[in-house]
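The values are calculated or read from the model by the stated rules, or taken from the named source; none is laboratory data. In this text, all values refer to a predicted model and were calculated from it rather than measured experimentally. Every residue, glycine among them, receives a Cβ derived from its backbone with ideal geometry; neighbour counts consider all protein chains shown. SASA here: full protein model, heavy atoms, side chains in, ligands and nucleic acids out. Shrake-Rupley method; radii C 1.70, N 1.55, O 1.52, S 1.80 Å.
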Amino acid sequence: MDRFAYINGSYKRHNQAEISIDDRGLQFGDAVYEVYSYQNGRVLDDDLHLNRLERSLGALGIKMPITRDSFKTIVARLVKMNNLKTGLVYFQISRGTAPRDHFIPKKKITPNIIITTKSMKIPDNSKMVKPINVISQDDIRWGRVDIKTVMLLPNCMAKTNGREKDCEEIVFVKNGVVTESASSNFFFVDSDNNLITAPTGDILEGITRNTLFDCAKKLGLKVIERKFSIKEARQAKEAFVSSATQIVRPIKKIDDSVIGDGKNYDICSKLYDMYMKIIPKIVE
Ligand code: PDD
């Protein structure tokens with residue numbers, strides 16, 4: 001079946017959707033993106049993702065190029081055209097097209113908008129049957145990782161390096177402190193069942209991360225946003241990553257250390273179930 005993409009007002013076959021070679025996103029990484037999950041008619045946290053899209057654009061001095069309702073209408077149409085059952089919705093908005101120049105154009109240019117969907121099995125993580133191993137790596141990314149830009153080369157390199165060591169994710173460490181993972185936020189559970197995660201600043205403030213804070217509250221668990229070392233994380237009772245695509249994914253090993261007893265993901269699993277329980281209320 002043909003797969004369609006939205007590009008600057010048109011719906012094109014995925015392999016025929018084109019962008020100018022002078023797109024500033026292509027040449028300078030002057031673009032932001034968003035990803036959220038789609039599951040049988042439910043868009044997970046889409047309003048929160050659109051809020052962050054607006055924030056990311058604002059940080060680069062770009063206005064939302066179309067209304068929120070237009071974004072939602074396009075997504076609904078693409079979902080239909082692509083017969084999407086479960087998978088991802090991807091948005092990418094660049095500053096626009098201009099002759100290559102490091103100076104950001106003074107004159108307003110029209111942002112380039114790309115929206116795609118990707119069919120993907122969303123793993124049912126409720127049983128936590130697929131824990132991952134992670135390795136720690138230096139966080140060599142730029143200082144504004146709070147903005148969701150497409151400048152993901154350090155993330156791609158780190159993740160690829162991890163996979164060579166049988167690790168599906170990595171944990172970034174900056175000046176001795178854990179920040180987050182290459183495409184997810186990092187959490188661990190301490191001996192008092194508190195959820196520990198890095199404070200905002202040197203991380204992307206994950207939408208799933210924040211929704212999990214609500215889940216934790218409902219489960220009577222305390223969330224503590226604070227700095228911690230990789231050594232502390234390795235001694236955790238449980239550890240996991242969170243993202244729009246994984247929701248919650250337990251970690252079996254960090255570097256050479258097995259987390260907890262290596263098979264108990266009780267809190268992780270409760271968080272996942274609570275997330276799935278509260279999500280329809282959020283999108284209603
Ligand atoms: N990544 N941190 C980083 C560096 C990320 O790239 C992501 C998401 C997250 C989690 O954010 P959220 O919960 O809003 O998905 C944290 C997406 C899934 C991606 O790049 O494909």
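Of note:
- All positions within segment 230-284 that are among the aromatic types (F, W, Y) and in contact with a Cys (Cβ under 6 Å, 6 or more places away or on another chain): F240, Y275
- All told, N15 falls short of being surrounded by fewer than 16 Cβ atoms within 10 Å (Cβ to Cβ), under 15 Å from the mean Cα position of the chain (by Cα) and either within 16 Å of the ligand (Cβ to nearest atom) or not acidic (D, E) (or both).
- Filtered by the rule that a residue be away from the ligand (no atom under 12 Å from the Cβ), open to solvent by 10 Å² or more (accessible area, probe 1.4 Å) and at pLDDT 95 or above, segment 29-54 gives G29, D30, E54.
- Strands (runs of 3 or more DSSP E) enclosed by segment 177-284 - at least 3 residues per element that are within 15 Å of the ligand (Cβ to nearest atom): 177-181, 185-189, 238-243, 247-254
- Identity of the residue in segment 230-251, in contact with an Asp or Glu (Cβ under 9 Å, 6 or more places away or on another chain) and of a type in the set (K, R), that ends up most open to solvent (accessible area, probe 1.4 Å): K237
- For segment 191-229, the set of residues classified as surrounded by 15 or more Cβ atoms within 10 Å (Cβ to Cβ) and small (G, A, S) consists of A198, G206, A216, listed by residue number.
- Being hydrophobic (A, V, I, L, M, F, W, C), assigned by TED's automatic domain parsing to the domain that holds F28 and open to solvent by 30 Å² or more (accessible area, probe 1.4 Å) is a condition met by at least one residue of segment 87-103.
- Filtering segment 121-167 to residues that are within 11 Å of the ligand (Cβ to nearest atom), in contact with a strand residue (DSSP E or B) (Cβ under 6 Å, 6 or more places away or on another chain) and aliphatic (A, V, I, L, M) leaves V150, A158.
- Once segment 157-176 is narrowed to residues that are of a type in the set (K, R) and not in a helix (DSSP H, G or I), the residue that is surrounded by the most Cβ atoms within 10 Å (Cβ to Cβ) is K174.
- Segment 125-142, residues that are open to solvent by 40 Å² or more (accessible area, probe 1.4 Å) and either free of Cβ contacts under 8 Å to residues at least 24 places away in the same chain or among the charged types (D, E, K, R) (or both): K127, V129, K130, D138, I140, W142
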